[in-house]
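Any read-out appearing in this document is the output of simple, stated calculations on the displayed coordinates, not a laboratory observation. Keep in mind the model is a prediction, meaning the values are calculated, not measured. Virtual Cβ from ideal backbone geometry, glycine too; neighbours counted across all protein chains shown.
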Amino acid sequence: MDAYIALGSNMGDRELNLLRAVAEIGRLPDCKVTALSSFYETSPVGVTDQPAFYNAVLRLHTAFSPHELLERLLRIETNVFGRARTTHWGPRRIDLDLLLHGAAIISDDRLTVPHPRMSERRFVLQPLCDIAPDLLHPVSGKSIAELLGALTSDETVTRI
């Protein structure tokens, strides 16, 4: 099964944080990173009074269920990067978001897939479009390229 994961960092060495996260995800059992977007410097969204982010998206071939994969991603955030969730949308060394897991549509108290705000965020759609422009969003049925083309936002997203 292919899953798509968004990576973001705005504390410390942002590029190194993204590269380390890619390596940690690639080390998960029965998982293989099969594509990685360009890296982008992006303006913060939500809480705007914080440093700019570096963002990317990767495609992961995985045997994990969506919930198992989410647990592994949260462990990487906490155990490898020391993330403590104190400020919603605040600064962080790494943020790993499960965007899509095959064509799964899940909404429960722990996980929503597809990611509920991915279609509203240029910092997600631009790197996702790098690696999967024709991928269809399982709810809207639109391609990632179509979603990106229709997006109106004032986010700054610059390829590094």
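Name the chymotrypsin sites (Phe, Trp or Tyr not before Pro) in the range 1-108 that are in a loop by DSSP and that have at most 15 other C-beta atoms within 10 Å, would you? Don't skip to the end; give the middle numbers.
Numbers: sites: TYR4, PHE39, TYR40, PHE53, TYR54, PHE64, PHE81, TRP89; in loops: PHE39, PHE64, PHE81, TRP89.
Passing sites in the range 1-108 are TRP89.
Under 1.5 on a/c is rounded, so check that first for the chain, then, if it is not, pick prolate when a/b is larger than b/c and oblate when it is not; a ≥ b ≥ c are the square roots of the alpha carbon gyration tensor eigenvalues. Display every interim value, and only then the final one.
Details: a/c = 1.38, a/b = 1.03, b/c = 1.35.
Rounded is the answer for the chain, as its axis ratio a/c remains below 1.5.
With the dipole of the chain worked out from charges on the C-beta (+1 for Lys and Arg, -1 for Asp and Glu) around the Cα centre, which of MET11, MET1, PRO133 lies farthest toward the positive end?
MET11
SER143 to ILE105: extension gain in nm, 0.36 nm per residue of separation minus the Cα-Cα distance?
Taking SER143 through ILE105 to full extension adds about 12.1 nm, to one decimal.
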